[in-house]
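The values are calculated or read from the model by the stated rules, or taken from the named source; none is laboratory data. From a predicted model like this one, the values you see are computed outputs, not experimental measurements. Counting neighbours? That spans all protein chains shown, and the Cβs are built from the backbone with ideal geometry, glycine included.
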Amino acid sequence: MEVRERSFVKAEEVAKLAGVSRSAVSRTFTDGASVSEVTRKKVLAAAEALGYHVNHLARGLSHERSNIVCLLVSDISTPYQARMIDIATQKLQSIGKIAMVINTTGEPEGVASAMRQTVNYRADAVIVLSGTPSPSLIATCLSNGQRVILINRDDQLSGPTNIVVENTFAATEAYHLLKRAGCARIAVVSSTAGTPSLKAREVAFVEAARQDGLDVPVMQTGPTGYATGMEAARRLFGRAVTPDGIFCVTDLLAMGCMDVARNEFGMSVPDELSIIGFDDIDQAAWMSYNLTTFRQPLDSIADHIVRLLAAETLPQAKSPTKSFQPIPVWRGSVRPRPPR
C-alpha cells in the first residue's frame, strides 16, 4: 500500500477527483455561494475521500478580515487569568473567531513585541489583558485595520475601546465591610506589580479609610501571588500592633495571608481576623478559605467583547469606555457585624 506523503490536501486535488472546477470547490465550502446540488455532492464526496479541510487561515489572508483575535496576557497560570482566557476564547469561538493567545510573561518588551506579532498575523482585533501599550503601537495597530480593546487599563488613549471594572467602588465597599464587622486595626495587602487595577483598589481603600480618620498600612512584599500574601502576613503579624482586618487586592494574596495568619500565628478567621479578597476565583469558595471577596463579571465582559467584534465597526467615540461593577460575594472570612 502506498503511503501518501504528509501534506495538506489541496482544493485542486478535490476538484480533479470530483471532476469539477477549482472554483466549484471554493463555492461549495463558502456559505451562501451558488452551487448546484449535484456539484455539491460530488465535491463533498471527494473531500471526504481525500480528507480535505478548508484552509481558513489562507482564506482570511486573501480577504479583508482574518477572523483572528489575539489575546495578550501574562501570568496565564494564575486562576483569574486562566478563567478569563477560558471564558473569552469559548465565546469568541462561538461567533467564528480564531482566538490566538500570546503570552507576554518574561518578554523584554512585553506587550510591545506582542502587539507587533498581532500585526504580522493580520489579526482583526487585539485584546490587551496585561500590560499597557504605548500610543504609537496602538496607532500602528489601528492604521493596519485592527480593533484594539484594553481590559482594566487606566490610560485613556484615543482609538481603542476601554473595558474597566469599577475597582474604586469595590475597594471602598471592602473598607466599610470591615468597619461594620468591628475591625479597628485594618491593613491592605497589595503587590509590587503596580498594574492599574491593583493600584486603583489599593488607593481607593486607603482613601476611604483616610476619610474615616484612619491611617491604614499598605504591605507590598513582591509580585501578585500566594507567596507574597504569606510574606505580607508574616510582616504584619510580626509587629507590636497586629491587624484585625485585612483587605487583599486579589484572592491569591488573601489566601496566602490567611494561611500564615492561622497556621503560623494561631489567628482564628473570622473571630480574630477578618479578610476580604478580590476576583472570586474558584478557590475562594473552597471550604478551607470560604473567602469574602468581589467577583469580576467575566461572563458579562466577554459577552460585551463578542458584541463589539460581531459588529462591523467599534464605537467611534474617542476612547469609549464600558464599566462593569464587581459583585460582592459574602462568605465566612468576615465576621458578622457585632451587636450594638
Report summary line: Subset of segment 158-192, residues farther than 16 Å from VAL329 by Cβ, assigned to a strand (DSSP E or B) and aliphatic (A, V, I, L, M), comes to ILE163, VAL164, ILE186, ALA187, VAL188, VAL189
Query raised in the report: Which one of these is within 29 Å of THR161 (Cβ to Cβ) and either modelled with pLDDT under 95 or among the charged types (D, E, K, R) (or both): PRO320, PRO336?
Result: PRO320
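Checking the condition buried (at least 20 other Cβ atoms within 10 Å of the Cβ) and more than 17 Å from THR168 (Cβ to Cβ), which residue from PRO243, PRO217 passes? Full working, then the answer.
Working: PRO217 fails: buried (at least 20 other Cβ atoms within 10 Å of the Cβ).
Exactly one of PRO243, PRO217 is buried (at least 20 other Cβ atoms within 10 Å of the Cβ) and more than 17 Å from THR168 (Cβ to Cβ), namely PRO243.
Checking the condition at pLDDT 90 or above, surrounded by fewer than 23 Cβ atoms within 10 Å (Cβ to Cβ) and either under 23 Å from SER77 (Cβ atoms) or out of contact with any Ser or Thr (no Cβ under 6 Å at 6 or more places or on another chain) (or both), which residue from ARG147, ARG201, ARG180 passes?
Working: ARG147 fails: at pLDDT 90 or above; ARG201 fails: surrounded by fewer than 23 Cβ atoms within 10 Å (Cβ to Cβ).
Only one candidate qualifies: ARG180.
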Query raised in the report: Given segment 224-333, what helices (runs of 4 or more DSSP H) lie entirely inside it while holding 2 or more residues that are under 18 Å from LEU177 (Cα atoms), touching a residue at least 12 places away in the same chain (Cβ under 8 Å) and not assigned by TED's automatic domain parsing to the domain that holds GLN146?
Result: 251-263
